[in-house]
Amino acid sequence: MSDGPTPGLPDWLRPVERAARQIQAEDLTRFVPPPGGDARRGAVLMLFGEGPHGGELLLTERAHDMRSHPGQVSFPGGSVDAGEDVVEAALREADEEVGVDPGTVTVFGRLPELWLPPSNFAVTPVLGWWAEPTEVSVVSHAEVHAIHHVPLAELVDPSHRITVRMPRGGYQSPGFLIGPDHDVILWGFTGGIIARLLDFLGWSVPWDESRVRDLPAYMFTGQERRGRSADLLDIDDDQRRGGAR
């Protein structure tokens, strides 16, 4: 990947391109893969596009009956298969999940590899510019419930920021309200990356952290069946438990 500017990016995306060259894993989380560890490799696609309200991110809402993280909003992504790199994996997963044509995406960087201790995944967020957007739809209904094109302006808007609380255990983390009616909760790994990246870019606006929203029951029932609520404490595990930093 070239160290110079990526041709064809819009001006509003240039700060993200520069940030990708400067940001460290510690700016996003305190969890990094341990040296010599056996973490499974994964990749997600942070796909930026331009919609009616300016810059936006493509996010997916996981199927509500999945065993792992049901209903959570996430970037398209998954495991890195044998013989492929993180860029190829991220593009393949986006194609398989929602039909994003890899040929329409310009990859302009990646964020540092991040570690999810409960699942032992080392995940690399790949940054893409949707140079030639096409119609997308849910391809894998077993994995995806809905697709969200989320304007960056709405992610920055303080009225859409919340503190998310698990009804059991008192765990809390920063989150966002997205969707046409702003009633879909974005939090966890994906919400953590977005929140920390907005902070690093200097795009964040002060918001009312006392505005608390409980997670809907369907978003953690899978964890209760397995008795592993810690699986939800992924990238945000270091942020707040019961309101304490």
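Just so it is clear, none of the values below were taken in a lab; they were calculated from the coordinates. This is a predicted model, so every value here is computed, not measured. When we count neighbours, we look across all protein chains shown, and the Cβ atoms used for this are built from the backbone with ideal geometry, even at glycine.
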*asked:* If I stretch the segment between Asp181 and Ala131 completely, what's the gain in nm (0.36 nm per residue apart, minus their alpha carbon distance), one decimal?
replied: 15.2 nm
*Hey, can you rank 181-191, 6-16 by average C-beta count inside 10 Å, highest first?*
181-191, 6-16
*Based on alpha-carbon positions alone, could you give the equivalent ellipsoid semi-axes of region 88-192 from the gyration tensor, as √(5λ), descending, whole Å?*
25, 19, 15
*Gained length - Trp203 relative to Glu26, 0.36 nm times residue gap less alpha-carbon distance*: 61.9 nm
*Hey, what did region 28-111 get for relative contact order, percent, Cα under 8 Å, at least 6 apart?*
24
*So, in Å, what gap is there between the alpha-carbon centers of region 125-143 and region 22-50?*
20
_Positive minus negative residues near Ser140 (Lys, Arg vs Asp, Glu; Cβ under 9 Å)_ = -3
*Translational diffusion coefficient, Stokes-Einstein: compute it for the chain using the Kirkwood radius over C-alpha pairs as Rh, at 25 °C and 0.890 mPa s, and state it as an integer in µm² s⁻¹.*
135
*Average Cα contact separation per residue, the chain, under 8 Å, 6 or more apart, as relative contact order %*: 23
*Hey, in the GNM for the chain with a 10 angstrom Cα cutoff, which one of Gly170, Gly103, Gly36 fluctuates hardest?*
Gly36
*Take the Cβ-Cβ distance between Arg211 and Glu88 as r, set R0 to 30 Å, and report the resulting FRET efficiency rounded to the nearest 0.05.*
0.15
_Local net charge near Trp130, Cβ-Cβ under 11 Å (Lys/Arg +1, Asp/Glu -1)_ = -4
*asked:* Could you compute the net charge surrounding Thr60? Neighbours are other residues with a C-beta less than 12 Å from the C-beta of Thr60; K and R count +1, D and E count -1.
replied: -4
